[in-house]
Amino acid sequence: MIRSLGMAAFLAMAVAVTGTASAQSWEEGVHYRKLETPVRTASESGVEVAEVFWYGCPHCYNFKPLAEAWEADAPDYVNYVRIPAALGRSWEPHARAFYALEAMGEREKVHDALFDALAGERRPLNDGESLADFVADHGVDPEEFLKNYNSFGVNAKMQQAQAKIRGARVTGTPTMLVDGKYAVTASMAGGHEAVLKVVDYLVEKEHNAGQ
C-alpha cells in the first residue's frame, strides 16, 4: 500500500514537472516574436487576439476550424478579432469585401463561403463586380455591397488594418497577434495546433501582467 502511494506520488510529481516544462518551453525569438514596437489594439480592456488571414490562403483555410474552436472556448477577457491581410494587390479585393460585408452586418453569412470559393475552389473572384455577384448568390444585396466596397468607411478600415499589419511586420498568413505585442506563426511555433498553444501561453502571460 505504501509502495502504491509512493508510485502515485511519483507519477503526480512527474506530471507536474512535465506541465511546468511544457509551459516554459515557449521561447521568445524561437516559438513567437515580440514586436519591437507594439501595435494598437481595438480595445483598451482585456487581451486582444488578432487572426491575420487571407480568404485565398490554403493554410488559413486549414487553420480556420482550429482557430474557431479556440475562439469558442477562449476566456471572457479575450477579444478575438480578424484582420484581412492585403499583402499583395490581388489580395486587396478580398480584404475590401470583408469590411464591406462587416459594414452591412452580413459578414457571418458569407465568411465561410468566401473561404470555400477562394482557398478551396480557387475561384477567380478578384474584383468588386465578381465579388458582388458571388455575395448575391448568398442573399446579400449586390448594389449595397458595391456601395460599401467602394466607400470611404471601408477605405479607412483597410488603411487601419494594413498599418497594423505593417507595424507588426507580418509577411505571411495566418499570423496571430497577441495584445499587439507578439506575433505567432506556424513556422515558428511548429504547426497550427502549436500556434494556439503558444497563443494560450501569451494570453495568460498578458492577462496575469494586467492584474
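Work from the charge dipole of the chain (Cβ charges, +1 for Lys and Arg, -1 for Asp and Glu, about the Cα centre) and give the residue of 56, 150, 187 farthest towards its positive end.
Highest projection toward the positive end goes to 187.
At a 1.4 Å probe, what is the % contribution of carbon and sulfur to the accessible area of region 28-76? Don't skip to the end; give the middle numbers.
Values: 1300 of 2750 Å².
Its accessible area is 47 percent carbon and sulfur atoms.
Do you know the Lys pair count in the chain for C-alpha distances under 15 Å, with sequence separation 8 or more or different chains?
7
Using a Förster distance of 22 Å, how high is the FRET efficiency between residue 130 and residue 62, based on the Cβ-Cβ distance and rounded to 0.05? Don't jump to the answer; show the numbers that get you there.
On the way: r = 25 Å, r/R0 = 1.12.
The computed FRET efficiency comes out at 0.35.
What number, in nm² with one decimal, is the all-direction average of the projected area of the convex hull of the alpha-carbon atoms of the chain?
Working: hull surface 58.5 nm².
Convex hull of Cα atoms, orientation-averaged projection: 14.6 nm².
Once the Cβ-Cβ distance between residue 113 and residue 155 is put in as r, and R0 is 22 Å, what FRET efficiency do you end up with, to the nearest 0.05?
Using R0 = 22 Å, I get an efficiency of 0.35.
How charged is the neighbourhood of residue 160? Take every other residue with its Cβ under 12 Å from the Cβ of residue 160, and add Lys/Arg as +1 and Asp/Glu as -1.
Spelling it out: positives minus negatives among the neighbours equals +4.
Compute the separation of the alpha-carbon centres of region 54-111 and region 120-185 and state it in Å as a whole number.
So the two Cα centres are separated by 8 Å.
Can you give me the long-range amide H partners of residue 47? Hydrogens built in the peptide plane at 1.01 Å from N, cutoff under 5 Å, separation of 5 or more residues or another chain.
Amide H neighbours of residue 47: 78, 79.
Would you mind checking which residues have amide H under 5 Å from residue 82's amide H? H placed 1.01 Å from N; only 5 or more apart, or other chain.
Placed amide hydrogens put 51 under 5 Å from residue 82.
Could you give the nm distance between label points at residue 123 and residue 146, where each point is 7 Å from its Cα heading toward the beta carbon?
If labels sit at residue 123 and residue 146, their model points lie 1.8 nm apart.
Taking the Cα centre of region 73-211 as the origin, how large is its charge dipole in debye, to the nearest 20, when only Lys and Arg (+1) and Asp and Glu (-1) carry charge on their Cβ atoms?
760
Skip the ligands, DNA and RNA, and give the accessible area per residue of region 52-173 with a 1.4 Å probe, whole Å². Spell out each step's value before the answer.
Working: 6180 Å² over 122 residues.
The answer is 51 Å² per residue.
So for the chain, taking the charge dipole from beta-carbon charges (+1 Lys/Arg, -1 Asp/Glu), which of 66, 168, 31 sits furthest toward the positive end?
Towards the positive end, the residue furthest out is 31.
The values are calculated or read from the model by the stated rules, or taken from the named source; none is laboratory data. This one's a predicted model, so the numbers in the text were calculated from it and none came from an experiment. Cβ sites come from the backbone with ideal geometry, for glycine too, and all protein chains shown count toward neighbours. Heavy atoms of the whole protein, side chains included, go into the accessibility calculation; ligands, DNA and RNA do not. Shrake-Rupley method; radii C 1.70, N 1.55, O 1.52, S 1.80 Å.
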